[in-house]
Amino acid sequence: MIILKKNIKSNSRFFSIDFLRGLTIFLMIVVNTPGSWSFVYSPLKHSIWHGCTLADLVFPSFIFLIGLSMSISVLKSDKKLFVKKIFKRSILIFFIGFLLNWFPFFNSDIENVRVLGVLQRIAFSYFIASILILFLKKTKLILLSSFFLLIVHWVILFVFGASEPYSLSGNISQNIDGFFFSKSQIYQGFGVPFDPEGILGTLSSSAQLLFGFIIGRYLFIEQQAQKNKLVFLFFLSILMILISLSLNIYYPINKPLWTGTYVFFSSSIILIFLIFSVFIIELKQKKQYFFFFFVFGRNPLFNYVLSIFFLKINLFLIKVEGESLNNWLYSSFFSPYFEPYFASLLFSISFALFVWVFSFILFLNKKIIKI
C-alpha cells in the first residue's frame, strides 16, 4: 500500500500518457477504416446527431491528451521557444491536414478541397489554448477561461441559431462556415454543407484541451499524495457525467456541434481511463502489458497521417481486378471467411497493425517525429 502514496516525479516519462495516446490512435484507425461501411458495429459508428458512442470519444481523447501532454512540456519549455512552437506547430498541423484532404491531388481542384478537418481543428484548438496558457499562467485563470469558452460557444449556438438551435438545419455553425467557405469546401457527409470540425466548435474543443492541461498539471506536477489525487479525480469524473447527462435534455450531447455537454461527458470518460492507466502503469508499474499501445503513442500524429495516407492510396491509386485495393483485400481475404460485421472489424484491425509496423520501426530506432 505504500506505493499508492508515492508521488510521480515530474522529470519522469509518463507511460500512462503514451498508453492513452496509443489506444486513441489505434481506435481512431479502427473507426476510420472498416472493411465495409455497411457492416460496422454500433459502438464503432459515430452518432447520427445527438448522443455519444465509443467512436465519438476518440477525437476528444486526442484533444484532451494534447492538453495533458502540454502540462508537462510547458513546464520544461522556455517561454520564447514556446511562442515559436505555438505558431510553427499550429501552421504546420493545419497545412498537413489540408494536404491530407486534398491528397491524392489529381482528383479535385484546390478551390474545391475541404478546408477544415481533424488536424485543422487540432491546430486551431492548440493555438487558442496555448495562447491562453501562456498569458494566464495560473491554473484558476486557465480553468475560468475554459468555462468562458464553453459559455460563449453555447450563447452563440442558442442566441443566433434558429428555433431548434441544436439541430442540423437550425444551428448557426453552418452559417459561420458558409460565410468563410464555399459549399464545395465544406464537409458534405450530412447531406448538407455542414462541417463537424467547423470554426465555432473550436471554442469548445479548445476548452477541452485546457481541461486536459489542468488535469495534467494537477495529476503530474503538483506534489500531493497520488492516491488522494486519483480518488478526487474519480469522483470529479462521476460528477461531470451526472451534470452532462442532466443537462442533456436542454443542451444535447452532440459531437458535430461539439457542445459543452459533450465536452463534459467525453472528458469525464477519458478521465476515468486516465485514472486507471495512471494507477496500473505509473503506480503499480505494470507497463510491460501495454507495449503495443506505447509504440503507437510515441508518434501519434505520424501514425494518424500515415493511416490516412495509406487509406487514400489504397482507395484511389491502387486497383486490383477493377476495384480499390481496400475493397479487393476485404472481399478476398475477410468477407468470405467471417461473419460480415466481424470481417469488417478484422480488416480495420489488420490495417491498424499494418500502420503499427512502421511505428514499431521508429520505436526501435528511438525516433520521435515532432512538429
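The values are calculated or read from the model by the stated rules, or taken from the named source; none is laboratory data. Predicted model, so just to flag it, every value in this text is computed and none were measured. Cβ placement follows ideal geometry from the backbone for every residue including glycine, while neighbour counts extend to all protein chains displayed.
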- Report yes if Ser359 is buried (at least 17 other Cβ atoms within 10 Å of the Cβ), in contact with a Lys or Arg (Cβ under 8 Å, 6 or more places away or on another chain) and either without any contact (Cβ under 8 Å) to a residue 12 or more places away in the chain or under 25 Å from Trp102 (Cα atoms) (or both), otherwise no. yes
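Of all the helices (runs of 4 or more DSSP H) wholly in the stretch 256-371, which have at least 3 residues that are of a type in the set (Ser, Thr, Tyr)?
Of the helices (runs of 4 or more DSSP H) lying wholly inside the stretch 256-371, those with at least 3 residues that are of a type in the set (Ser, Thr, Tyr) span 260-277, 340-364.
Every residue, every condition in (1) more than 17 Å from Arg121 (Cα to Cα); (2) assigned by TED's automatic domain parsing to the domain that holds Gly260; (3) more than 16 Å from the chain's Cα centre (by Cα); (4) acidic (Asp, Glu), yes or no:
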{"position": "Phe19", "(1), (2), (3), (4)": "yes, no, no, no"}
{"position": "Tyr41", "(1), (2), (3), (4)": "yes, no, yes, no"}
{"position": "His50", "(1), (2), (3), (4)": "yes, no, yes, no"}
{"position": "Ile72", "(1), (2), (3), (4)": "yes, yes, yes, no"}
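This table checks each residue for (1) loosely packed, with under 14 Cβ neighbours inside 10 Å; (2) charged (D, E, K, R).
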residue	(1), (2)
Phe213	no, no
Arg217	no, yes
Glu222	yes, yes
Leu230	no, no
Ile241	no, no
Ser244	no, no
Tyr251	no, no
- Query: Just one of Phe15, Phe39, Phe64 is closer than 18 Å to Gly260 by Cα and touching a residue at least 60 places away in the same chain (Cβ under 8 Å); which is it?
  - Reply: Phe64
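With at pLDDT 95 or above, of a type in the set (Lys, Arg) and surrounded by fewer than 22 Cβ atoms within 10 Å (Cβ to Cβ) as the only criterion, which of Lys9, Lys45, Lys5 stands out? Working first, answer last.
Numbers: Lys9 fails: at pLDDT 95 or above; Lys5 fails: at pLDDT 95 or above.
Unique residue meeting the criteria: Lys45.
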- Message: Going through Gln188, Gln174 one at a time, which residue ends up being free of Cβ contacts under 8 Å to residues at least 24 places away in the same chain, under 27 Å from Leu100 (Cα atoms) and in the same structural domain as Tyr251 (by TED's automatic domain parsing)?
- Response: Gln188
- Restricting the stretch 162-196 to residues that are of a type in the set (D, E, K, R) and crowded, with 17+ Cβ neighbours inside 10 Å, the one nearest to the chain's Cα centre (by Cα) turns out to be Asp195
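Look at Tyr126 and say whether it is farther than 20 Å from Ser90 by Cβ and either in contact with a Gly (Cβ under 8 Å, 6 or more places away or on another chain) or surrounded by 13 or more Cβ atoms within 10 Å (Cβ to Cβ) (or both).
Criteria not met by Tyr126.
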- Tally time: how many residues in the stretch 203-236 are farther than 29 Å from Ile86 by Cβ and not charged (D, E, K, R)? 9
- Note on the structure: Only unsatisfied item for Lys140, checking (1) basic (Lys, Arg); (2) outside any loop (DSSP other than H, G, I, E, B); (3) in contact (Cβ under 8 Å) with a residue 24 or more places away in the chain, is (3)
- Query: Are any residues in the stretch 48-70 hydroxyl-bearing (Ser, Thr, Tyr) and at pLDDT below 95, and if so, which ones?
  - Reply: Ser69
